[in-house]
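See below for the structure under consideration.
The values are calculated or read from the model by the stated rules, or taken from the named source; none is laboratory data. Treat the numbers as computed from the prediction; the structure is a model and nothing was measured. Virtual Cβ from ideal backbone geometry, glycine too; neighbours counted across all protein chains shown. Side chains included, ligands, DNA and RNA excluded: accessible areas come from the protein's heavy atoms. Shrake-Rupley method; radii C 1.70, N 1.55, O 1.52, S 1.80 Å.
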Amino acid sequence: MELPAEDRNRSPYTGWTRAHWEAMADHLLEAVVPHATPGFAQVRLPGRTSWAGVTSDGLEGFARTFLLAGLRIAGDRGETPRAKILIERYAEGLAAGTEPGNRYAWPRIEDYSQPIVEAASVALMLAETRPWLWDQLGRDTQRTVHAWLGGIVGKRPWPCNWLLFQVVVEQFLADTGGPFRQEEITGGLDAIEDWYRGGGWYSDGDGQHYDHYAGWAMHLYPLLWARMPGADAARADRYRERLHAFLDDFRLMFGADGAPMHQGRSLTYRYAAAAALWTGALADATPLPPGETRRLASGALRYFADRGAPDEQGLLRLGYHGQFLPITQPYSGPASPYWAAKGFVGLLLPADHPAWTATEEPAAVERADVDRVLPAPGWLLHGTRADGVVRLYNHGSDHIKVPAELGDDPERDDPHYAKIGYSTHTAPETEAHAWELNVDGHTGLTPPGGGPVTRRRRIRRIGTATGFAASAYVDGDVTVETASVRCGAGELRIDRITAPAGWVARAGGFTVAGASTPEGRAHERTAEASSKGVTSRIVGLIGWSGAGVQRMSGANAFGDRSATPYLTAAPHPGGTVVHVAFVLLSGDISDEVPRVAQEHDEVVAVSEDGEEIRVRLGGTPRYSRRSPRGGPSITWDPTVP
């Protein structure tokens, strides 16, 4: 891949400009051409087949690369030689894919089928490129495209972001004289109102589904729909207000190295995380200055480009940095990663837009430490300027289905949601055996004599406040209540454990990973592991009696070799016992450890800088913190309005 020279005047943090985005788009689009079927109806990329099968995967290859091509065409107003090549290529594919009887014709749209997803990409890009592509298609091709897209009318999508696919497809059909049902457009948009939880945050369906889909689906699709001729202006204004609020939180979830927060499913979409940032600029719905928008978006694009995505063949593989199948879901096929194209939405902005021309401004964690509570998803964010690491403490997102979807286990847990801690610089262990052991980011118990560790499936919220988030889970006879409290540079993790006698508790810190085996050590009640300049440490303060380091191979998206520090306790005496640990993840590690004591039913901690923290779990929980320098005090009591 050949890229333009860096521009460190306009882009002092990343060096990248619009020209780099265009070059990356062109590189990705050309690399898939050898894998297209005759007539370009399908793009059949190498790799593991999804559960939908080869033909559906081929359609996905067309639709998701068309998403990128459409943004590239629209960005050039259909006028450049490059745009014209793409128009010709994808016009041919549209005709072949929707031609009845064609050997490579696209599969029909059925209830709950993958073509519902792919139809949305096709419809959106036909809308965005309409003057240069749709309006220039022959009448026969327009009719066959209408017929194929019209297959979505009356079909049932999954009750989540999939409803928005039906909305944008039928809106395009309505705008171009195709078949549609207005009640399905309106119904899909009404449904997301039930999932809006305030502060800019949507759950991706009923339940507690908070992840990157909030940005690259729940905000993206309504605002792309709002660009269509038949969209309702009042709804569009509401969506802009919500995105503005969302981005005020989301801007905090990128590390200084450009990495987006590593939490939630479908992380193989990589720099699709930039979609919400660009959409904010596109819809005039962002609190970010233009230079910060581009710094975050370009930072994410370059982060992956520098780490093997795309690979030496120019392809995006199933994985994160490079290929890594344990991070993926069964619905992902070889073309699934090309939903990364959403991250190129900024190409819809004209080249002279301030988001492209302004000087880059620093990310939030490059300006100051980050300390933000997000009540809707139940998260606590903590970023440190000294090392550029942002951490997320999860006490509200579990991805448990309510009600269970067809054929799905309603209580199935997932390493991308079940952990207490996530970050921009680490990933959970996701390989099957490592996930069965479930050491990292988890406080669990094993029965007397050994056996499976308890699982954090359904998260039961306790509460959130500034610097504090708490929740509980129940597994059989075991209940674990956990509070994550920001304390200096780390997390004070307080676990109130109720269990039968003889069960053994274990608490894991963050996993670090790299190409070579991380350094690790454990002594008495302290364990730590280091890799690529980042150290994970966990220190037992109350209730913990031992420590260790788990080492794994082939279990982590950040590198083949990984290590997790953890603590162990003596067999549980029965009843309820409080355990306290100090958890650190830092590129600027120190020997900081708070002073901690247990006073009756409260844990009292004093940080290195003298801040006093008090936490009570069980019964009526309570939390307070007091600054030694006369700053504002914080008291949280759920019984007090």
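Some points to look at:
- With protein chains left intact and a 1.4 Å probe, residues in the stretch 471-518 average 25 Å² of accessible area per residue.
- Size of charge dipole - the stretch 91-168 - debye, nearest 20, with Cβ of Lys, Arg +1 and Asp, Glu -1, no other charges: 160
- Nonpolar atom fraction for the chain, defined as the carbon and sulfur part of the 1.4 Å probe accessible area, stands at 49 percent.
- Modelled FRET efficiency - R0 25 Å, I634 with T576, Cβ distances, 0.05 increments: 0.45
- Charging the Cβ of each Asp and Glu at -1 and of each Lys and Arg at +1, and nothing else, the dipole of the stretch 483-595 about its Cα centre rounds to 180 debye.
- Placing unit charges on each Cβ (+1 for Lys and Arg, -1 for Asp and Glu) gives the chain a dipole about its Cα centre, and among A427, Y112, G15 the Cα reaching farthest toward its positive end belongs to A427.
- Percent of Cα-Cα distances greater than 18 Å, calculated over the stretch 564-627: 51
- Label-to-label distance for R412 and D190 is 3.1 nm, based on points extended 7 Å past Cα in the beta-carbon direction.
- Size descriptor, Kirkwood hydrodynamic radius, that averages inverse alpha-carbon separations across the stretch 487-641, Å: 16.8
- Cα lying deepest toward the dipole's positive end in the chain, options L392, L164, G47, charges on Cβ: L392
- Computed from the Cβ-Cβ distance with R0 of 30 Å, the FRET efficiency linking T466 to A432 stands at 0.20.
- Highest mean packing first, where packing is the average number of other Cβ atoms within 10 Å per residue, the peptides 313-323, 603-613, 477-487 line up as 477-487, 313-323, 603-613.
- Longest to shortest principal axis, alpha-carbon extents of the stretch 369-477, angstrom: 42, 30, 27
- Over all pairs of different C-alpha atoms in the chain, the reciprocal of the mean inverse distance, the Kirkwood hydrodynamic radius, equals 25.4 Å.
- Coil-residue GluC sites (Glu not before Pro) of the stretch 1-81, DSSP, other Cβ within 10 Å capped at 16: E2, E6, E79
- Distance between the stretch 581-641 and the stretch 299-342 - C-alpha centres, whole angstrom: 40
- Within the chain: Cβ-based charge dipole about Cα centre, in debye rounded to nearest 20 (Lys, Arg +1; Asp, Glu -1): 180
- Inverse of mean 1/r across different Cα pairs in the stretch 595-641, Kirkwood, Å: 11.3
- Segment D140-R307, length gained on full extension (0.36 nm per residue, minus Cα span): 55.6 nm
- Label point 7 Å beyond Cα of D237 along Cβ direction - residues of the stretch 171-199 with amide nitrogen under 18 Å: none
- When peptides 534-542, 180-188 are ranked by their average number of other Cβ atoms within 10 Å per residue, the highest-first order is 534-542, 180-188.
- Per residue of the chain, the DSSP helices (runs of n ≥ 4 H) give a summed -39500 (n - 2.57) that works out to -8500 deg cm²/dmol at 222 nm.
- Accessible area per residue, Å², the stretch 33-113 with all protein chains present, probe 1.4 Å: 42
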